[in-house]
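Taking it in order: structure first as structure tokens, then the write-up.
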């Protein structure tokens with residue numbers, strides 16, 4: 001959602017407000033102190049950025065006070081922040097920094113080893129937790145919010161360059177303007193009734209859009225406070241929430257699974273939290289979370305690039321995300337022809353009966369706020385084919401227009417000529433009480449198409465019982481005949497990306513030739529046995545006979 005206002009205006013209006021605004025451990029800053037700090041950093045930035053270059057700075061920080069201070073500083077100065085992913089390494093990390101044309105990089109001592117031996121010509125590195133940084137900043141302590149403006153500021157001023165976590169190729173830096181960020185913040189603040197007395201707990205990484213657009217921005221728009229956790233910690237979550245008086249947080253599905261896997265405590269409901277907003281928690285985990293912690297999780301959908309959004313609305317059926325946000329003309333279409341898919345039909349237990357014809361890619365056929373990628377016209381063209389915005393995500397739609405997430409376009413499986421969505425199977429596997437997390441992905445069939453493979457992280461101390469798992473599968477009314485996993489990988493901990501999403505690329509890459517125990521339905525009768533060396537050799541021989549590679 002684009003606003004006619006700017007983030008700079010939201011920051012400036014908090015000048016003189018002495019209520020708590022930023023909490024981090026024992027540190028508490030008021031709104032006025034945040035604006036003072038932002039103004040000083042904006043003035044420093046104006047002197048550091050070379051004239052004639054792009055007004056961009058990179059931020060390589062954990063969730064510490066310097067991160068939101070530099071976000072506000074960039075807004076006041078008319079500059080753009082590129083969030084740098086600290087899980088990137090070597091040439092890839094250098095590429096990210098240089099691609100954004102950031103002349104200044106803000107970091108902390110903990111991340112300096114990442115920069116060792118990198119070639120970063122023209123980039124000045126500022127290390128926040130040093131005496132040199134404090135001395136550099138000190139002369140600007142008296143700056144006011146309007147003292148340092150690099151360029152005229154309006155809704156179209158670039159505010160963020162944040163990298164999308166694509167599964168292949170170099171990450172793309174999506175552009176977000178001040179108008180779009182301010183509009184997103186105001187929309188969410190209004191939708192969720194955010195109050196100035198609220199505190200938003202930011203535990204998702206701020207180099208990613210989830211934390212900035214859905215957590216920091218609505219707090220800023222409503223004049224609420226934020227509380228920072230440097231990195232997500234399931235064990236510290238409730239203590240943080242209580243200590244900070246947090247009322248709202250954002251999540252991704254894997255974080256919810258981590259929280260549910262913590263030992264239950266008698267005081268699990270003793271906290272001020274009232275709402276969580278995020279993606280991919282799944283209906284089963286959301287229900288478990290509400291039952292245990294007394295907190296409603298609201299599933300939303302919004303592509304990182306801002307091209308399409310779905311809003312939860314009253315009457316949204318279980319498993320659905322919601323309907324198209326106002327102004328969006330969303331459709332589920334065939335990725336090849338662009339023809340709209342027919343509505344979903346459901347059987348007993350909510351089983352999707354016509355997934356092969358109902359599942360397609362979600363597109364926005366109306367005007368979208370997609371603002372492009374930085375210096376990547378090929379990626380722009382791929383997203384905006386036929387004048388539509390293509391999300392890259394699979395959905396299906398019921399007769400009432402409610403939309404259901406079915407996975408990413410590369411999460412589709414084709415088993416015995418039937419198209420399946422990984423997310424649909426994952427939602428079923430999430431019901432198994434022994435599983436703390438589940439991921440579903442395709443491995444090649446020896447002859448043609450795919451076979452279903454699942455990775456399961458079990459609850460602490462639980463062994464894998466193949467007979468119990470098979471019995472669970474046979475009892476699921478919505479598990480289609482092609483959906484049962486042929487291979488089951490048992491691991492201690494699910495691999496995740498830097499944004500706490502399951503790292504399906506790594507899982508697909510290893511397939512069933514992995515270091516963890518793998519069980520397989522060798523004969524296709526639902527009886528799982530260990531895939532041992534002899535079984536693996538025989539299986540690989542089948543692939544070799546067909547000229548296929550697993």
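Each reported figure results from applying straightforward, stated rules to the coordinates on display, with no laboratory input. These numbers were taken from a predicted model, which means no experiment stands behind them. Note that we place each Cβ from the backbone using ideal geometry, even for glycine, and neighbour counts take in every protein chain shown.
Values as computed for the structure displayed
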| quantity | calculated |
| --- | --- |
| Within the chain, percent of DSSP bridges classed antiparallel, to nearest 5 | 55 percent |
| Cα-projected label distance for residue 522 with residue 119, points at 7 Å along beta-carbon direction, nm | 5.4 nm |
| Global form of the range 418-546, assessed from the alpha-carbon gyration tensor, a/c cut-off 1.5 | rounded |
| Rounded to 5, the percent of DSSP beta bridges in the range 224-381 classed as antiparallel | 55 percent |
| Computed [θ] at 222 nm, deg cm²/dmol, the chain (DSSP H ≥ 4; -39,500 (n - 2.57); rounded to nearest 500) | -8000 deg cm²/dmol |
| Nearest-0.05 FRET efficiency for residue 465 and residue 532, computed from C-beta distance (R0 22 Å) | 0.75 |
| Rounded to 5, percent antiparallel among DSSP beta bridges of the range 7-178 | 40 percent |
| Per-residue Cβ neighbour rank within 10 angstrom, fewest leading, 172, 482 | 482, 172 |
| Ascending count of other beta-carbon atoms within 10 Å, so fewest first, for 541, 371 | 541, 371 |
| Between 0 and 90°, nearest 10: helix 283-293 axis offset from the chain longest Cα axis | 60 degrees |
| Computed over the chain: relative contact order in percent, which uses C-alpha pairs under 8 Å that are six or more apart | 10 percent |
| Residue 261 paired with residue 18, simple spin-label distance in nm, labels 7 Å along Cα-to-beta-carbon | 4.7 nm |
| Modelled FRET efficiency - R0 30 Å, residue 339 with residue 378, Cβ distances, 0.05 increments | 0.75 |
| The range 474-501 versus the range 2-64: alpha-carbon centroid distance in Å | 43 Å |
| The range 1-82: relative contact order in percent, alpha carbon pairs under 8 Å with at least 6 residues between | 32 percent |
| Residue 92 paired with residue 447, simple spin-label distance in nm, labels 7 Å along Cα-to-beta-carbon | 3.8 nm |
| Computed FRET value (nearest 0.05) for residue 146 with residue 313, which takes r as the C-beta separation and R₀ as 35 Å | 0.30 |
| Residue order, fewest to most surrounding Cβ atoms within 10 angstrom, among 486, 459, 13 | 459, 13, 486 |
| Global form of the range 155-259, assessed from the alpha-carbon gyration tensor, a/c cut-off 1.5 | oblate |
| Additional length obtainable on full extension of the chain from residue 130 to residue 354, 0.36 nm per residue less Cα span | 74.6 nm |
